[in-house]
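K.L.:
Sharing a structure, written as structure tokens. Questions coming.
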Amino acid sequence: MSGTLKGRTALVTGGSRGIGAAVCRAFAEAGAAVAINCRERIEEAGQLAREIGKQRGRAIVVTADVSQREQVAAMVEDVTAELGPIDILVNNAGIAIPRGIDDLTEEDFDRTILVNLKSAFLCTQAVLPSMRARKWGRIVNISSGAARGAGSIGPHYNASKAGMEGLTRGYAARLVKESITVNAVAPSLIETDMMRDQPQLVSRIPLGRFGTPEEVAKAVMLLVDNAYMTGQTVALSGGMAFN
């Protein structure tokens, strides 16, 4: 897809590492200007922006807690001023707090919903006015196989990701006539920091290995490139589950 996104601006939340970083690289390779959002990992985000710059791409770092409305508004304003109106939004920021039923607290539940689900709502609402004005936009939400399966993190995480897929369909149905597509990607057991200490989980995967962040990024690019596909969730599970 080299050059296919030239002139477009993409915002990736939680973009400093793992899946988010792979998506940022894919967008830059396709010609988009990329805003890399992070909350704490500023040095990693800066290193990624410099890496993209060395490849003749354009990238900036925007720090914000995307679960906070004021910070989201300021972030979108900063990206627009620096790179132009946001054409593509990837809601990737999230947390995973492993808990069993007996040790899951109200605070764990609220924090997970706030960061994983409310952030997607806040960021979507913030970028929609400019997308609607230009009648073009792509929104991709990074869900999880836990939206439909048991998962290993806990019911709070399941709920946050299932909610994200509901959010995806709700926005897609209401924006389809304005040339704005809204889709989700639901990866399971991807080789990120979260999985490095759990090699035993490979035995669950029929393909026999973890997925890679780059494979998730390819699914995101598929959705960004397809104007006819909206309200859908693309699952990546190495054969563990089928839609």
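The values are calculated or read from the model by the stated rules, or taken from the named source; none is laboratory data. None of the values given here were measured: they were computed from a predicted structure. Here Cβ is always computed from backbone atoms with ideal geometry, including for glycine, and neighbour counts include all displayed protein chains.
K.L.:
Pick from segment 45-68 the residues that are buried (at least 16 other Cβ atoms within 10 Å of the Cβ) and of a type in the set (D, E, K, R): which of them is farthest from Met164 (Cα to Cα)?
P.N.:
Only one residue fits best here, namely Arg58.
K.L.:
Moving to a separate point now. Any idea which of (1) in a helix (DSSP H, G or I); (2) touching a residue at least 12 places away in the same chain (Cβ under 8 Å); (3) under 18 Å from Ala33 (Cβ atoms) is the one Val140 doesn't satisfy?
P.N.:
Result: Val140 passes all but (1).
K.L.:
How many residues are touching a Phe, Trp or Tyr at 6+ places or on another chain (Cβ under 7 Å) and small (Gly, Ala, Ser) if we restrict to segment 126-160?
P.N.:
Within segment 126-160, residues that are touching a Phe, Trp or Tyr at 6+ places or on another chain (Cβ under 7 Å) and small (Gly, Ala, Ser) number 2.
K.L.:
Same structure again: Would you pick out the residues in segment 3-38 that are touching a residue at least 60 places away in the same chain (Cβ under 8 Å) and either in a loop (DSSP other than H, G, I, E, B) or basic (Lys, Arg) (or both)?
P.N.:
If the condition is that a residue be touching a residue at least 60 places away in the same chain (Cβ under 8 Å) and either in a loop (DSSP other than H, G, I, E, B) or basic (Lys, Arg) (or both), then Thr4, Leu5, Arg8, Thr13, Gly14, Gly15, Arg17, Arg25, Ala30 are the ones that fit.
K.L.:
Another question, if that's okay. Only residues that are over 28 Å from Val202 (Cβ atoms), over 14 Å from the mean Cα position of the chain (by Cα) and touching a residue at least 24 places away in the same chain (Cβ under 8 Å): list them for segment 167-190, please.
P.N.:
Residues satisfying the conditions are Arg169, Tyr171, Ala172, Ala173, Leu175, Val176, Glu178, Ser179, Ile180, Thr181.
K.L.:
Of (1) touching an Asp or Glu at 6+ places or on another chain (Cβ under 9 Å); (2) closer than 19 Å to Gly15 by Cβ; (3) not polar (S, T, N, Q), Arg99 satisfies all except one. Which?
P.N.:
Only one criterion is unmet by Arg99, namely (2).
K.L.:
When the residues of segment 132-181 are filtered to those that are within 17 Å of Pro98 (Cα to Cα) and of a type in the set (S, T, N, Q), which remaining residue is modelled with the lowest pLDDT?
P.N.:
Ser152
K.L.:
Among what's in segment 1-15 and is among the small types (Gly, Ala, Ser) and buried (at least 24 other Cβ atoms within 10 Å of the Cβ), pick the residue that is nearest to Gly57 (Cα to Cα).
P.N.:
Checked segment 1-15; the qualifying residue nearest to Gly57 (Cα to Cα) is Ala10.
K.L.:
Another one. Do the conditions hold for Thr105, that is, is it surrounded by fewer than 16 Cβ atoms within 10 Å (Cβ to Cβ), among the β-branched types (Val, Ile, Thr) and touching a residue at least 12 places away in the same chain (Cβ under 8 Å)?
P.N.:
No.
K.L.:
If the requirement is being under 22 Å from Phe27 (Cα atoms), of a type in the set (A, V, I, L, M), in contact (Cβ under 8 Å) with a residue 12 or more places away in the chain and part of a loop (DSSP other than H, G, I, E, B), which of these qualifies: Ala93, Ala120?
P.N.:
Criteria check complete, one pass: Ala93.
K.L.:
Restricting the search to segment 73-95, which residues are surrounded by 21 or more Cβ atoms within 10 Å (Cβ to Cβ), of a type in the set (A, V, I, L, M, F, W, C) and closer than 22 Å to His156 by Cβ?
P.N.:
Ala93
K.L.:
Output the number of residues of segment 120-134 satisfying the condition of being polar (S, T, N, Q) and touching a strand residue (DSSP E or B) at 6+ places or on another chain (Cβ under 7 Å).
P.N.:
Number of matching residues: 1.
K.L.:
OK, next. Yes or no: segment 70-88 includes at least one residue that is among the polar types (S, T, N, Q) and outside any helix (DSSP H, G or I).
P.N.:
Within segment 70-88, none of the residues are among the polar types (S, T, N, Q) and outside any helix (DSSP H, G or I).
K.L.:
Is at least one residue of segment 143-166 touching a His at 6+ places or on another chain (Cβ under 6 Å), part of a helix (DSSP H, G or I) and in contact (Cβ under 8 Å) with a residue 12 or more places away in the chain?
P.N.:
Looking for residues that are touching a His at 6+ places or on another chain (Cβ under 6 Å), part of a helix (DSSP H, G or I) and in contact (Cβ under 8 Å) with a residue 12 or more places away in the chain, one finds none in segment 143-166, hence no.
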